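First the structure, in the form of structure tokens, and then the observations on it.
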């Protein structure tokens with residue numbers, strides 16, 4: 001890299017048009033042709049080569065609602081998921097602060113999937129060894145992608161507390177080796193900063209010129225809880241926006257404390273994460289695992305049936321590979337909330353597709369054994385049941401102080417266990433805490449620029 005192509009700032013991740021022209025051109029060429037070139041750090045953005053936010057407004061023939069369901073698409077980020085963004089943000093901040101040094105420290109990444117892949121990828125590009133600590137029951141493709149990027153795996157057994165076990169194992173490993181450092185996505189506010197600034201402002205830009213140009217509702221299923229931080233920024237612009245966390249029905253930890261098993265990888269991580277700002281969580285909507293998994297299969301396998309309900313052939317083909325199960329879960333949550341809030345044709349609901357089909361081939365093979373009755377009439381009924389007739393059951397209102405107390409108590413239960421004090425947790429009860437964390441973006445932008453100037457070649 002030349003001096004302008006070391007590491008991107010937060011500002012450049014939001015506005016890639018501000019990247020040095022030569023650097024930007026090299027990065028665009030490398031995205032598809034040279035995956036392990038470190039210039040790809042400058043492709044960590046929601047925007048395409050034309051500096052337009054990658055998005056899709058779903059056809060109403062599929063959603064069955066009047067509101068516009070707008071999906072930000074994460075599969076074209078380097079490593080195939082937007083989780084590479086918080087992985088980079090966490091590492092670059094820690095590097096600049098002197099806490100993670102390449103060649104000296106091995107990085108531990110607790111994850112249920114995409115963050116682990118993104119962490120292994122970023123470590124490869126920035127010269128670190130990595131170990132991803134994750135449950136053993138995630139898709140084989142996730143394991144293989146991590147190994148492809150040079151990451152090692154430390155697997156934990158699947159259980160109703162699998163993320164808790166993952167964190168416990170991570171900190172046990174770190175405690176026993178002074179050269180280990182933790183990329184703590186559930187705890188480090190770099191994750192929050194990336195999503196509030198980059199994802200939040202990208203969502204605001206994406207909604208321009210669609211409907212009334214506003215965002216009535218933002219939906220995201222929390223894994224680490226980072227993506228929900230986009231809602232904090234959206235609410236600054238559209239104060240009436242309803243931020244909705246989407247959970248698997250079988251693992252409705254935030255809604256009612258349930259910690260059951262489910263198959264929607266990367267979400268429903270059985271806790272209220274440290275970086276989840278519950279002040280701005282208005283609703284929680286639960287989606288049944290079976291519906292999310294069947295919806296994933298429908299969009300990948302049944303283009304002809306989609307055409308018969310009114311989806312264009314071109315769009316049906318395009319949607320085949322751009323959604324993973326968590327993206328479908330988010331879409332179903334968005335449909336559910338559009339109905340619940342009685343939104344009209346001018347209203348926009350924004351959600352996220354974290355990744356695409358590329359890491360779920362083995363998952364689809366298992367689904368093919370489960371859903372065998374796939375004649376045309378059956379598939380059309382599936383489309384109606386999963387998408388068009390999505391109900392408004394299992395929606396929980398968390399706007400009252402009494403309801404939010406339920407989330408604070410969940411967070412306290414989860415994080416006192418990992419050594420955080422009650423005083424620290426209580427300090428998160430006002431927006432002042434979150435705004436203080438957020439403005440640190442300015443400091444890190446300057447630190448990155450100073451680093452680049454210092455290393456001019």
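Taking residue 285 as the residue in question, decide whether it is in contact with a strand residue (DSSP E or B) (Cβ under 6 Å, 6 or more places away or on another chain), at pLDDT 95 or above and closer than 24 Å to residue 84 by Cβ.
So residue 285 fails the test.
Of the residues making up the range 253-270, just one is over 18 Å from the mean Cα position of the chain (by Cα) and within 18 Å of residue 390 (Cβ to Cβ), namely 255. Scoring residue 27 on the criteria (1) in the same structural domain as residue 334 (by TED's automatic domain parsing); (2) not in a strand (DSSP E or B) leaves a single failure, condition (1). When residue 406 is tested against the conditions (1) loosely packed, with under 14 Cβ neighbours inside 10 Å; (2) under 14 Å from residue 256 (Cα atoms), the lone failure is (1).
Per-residue answers, yes or no, for (1) at pLDDT 90 or above; (2) in contact with a helix residue (DSSP H, G or I) (Cβ under 9 Å, 6 or more places away or on another chain); (3) in a loop (DSSP other than H, G, I, E, B); (4) surrounded by fewer than 24 Cβ atoms within 10 Å (Cβ to Cβ):
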position: 118; (1), (2), (3), (4): yes, yes, no, no
position: 123; (1), (2), (3), (4): yes, yes, no, no
position: 133; (1), (2), (3), (4): yes, yes, no, no
position: 150; (1), (2), (3), (4): yes, yes, yes, yes
position: 153; (1), (2), (3), (4): yes, yes, no, yes
position: 164; (1), (2), (3), (4): no, yes, no, yes
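Looking only at residues in the range 392-403 that are in contact with a helix residue (DSSP H, G or I) (Cβ under 8 Å, 6 or more places away or on another chain) and surrounded by 16 or more Cβ atoms within 10 Å (Cβ to Cβ), which one is farthest from residue 280 (Cα to Cα)? Filtering first and then ranking leaves 394.
Within the span defined as the range 44-52, one or more residues are over 22 Å from residue 333 (Cα atoms), in contact (Cβ under 8 Å) with a residue 12 or more places away in the chain and not in a loop (DSSP other than H, G, I, E, B).
When 83, 55, 60, 47 are screened for being under 30 Å from residue 298 (Cα atoms) and surrounded by fewer than 17 Cβ atoms within 10 Å (Cβ to Cβ), only 60 passes.
Yes/no matrix, rows are residues, columns are (1) in the same structural domain as residue 241 (by TED's automatic domain parsing); (2) surrounded by fewer than 24 Cβ atoms within 10 Å (Cβ to Cβ); (3) closer than 18 Å to residue 139 by Cβ; (4) at pLDDT below 95:
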site: 297; (1), (2), (3), (4): yes, yes, yes, no
site: 307; (1), (2), (3), (4): yes, yes, no, no
site: 331; (1), (2), (3), (4): yes, no, no, no
site: 336; (1), (2), (3), (4): yes, no, no, no
site: 354; (1), (2), (3), (4): yes, no, yes, no
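Inside the range 135-148, residues that are touching a strand residue (DSSP E or B) at 6+ places or on another chain (Cβ under 8 Å) and surrounded by fewer than 17 Cβ atoms within 10 Å (Cβ to Cβ) make up a count of 2.
The values are calculated or read from the model by the stated rules, or taken from the named source; none is laboratory data. On a predicted model such as this, the values are computed, not experimentally measured, just so you know. As a convention, Cβ positions derive from the backbone with ideal geometry for all residues, glycine included, and neighbour counts pool all protein chains shown.
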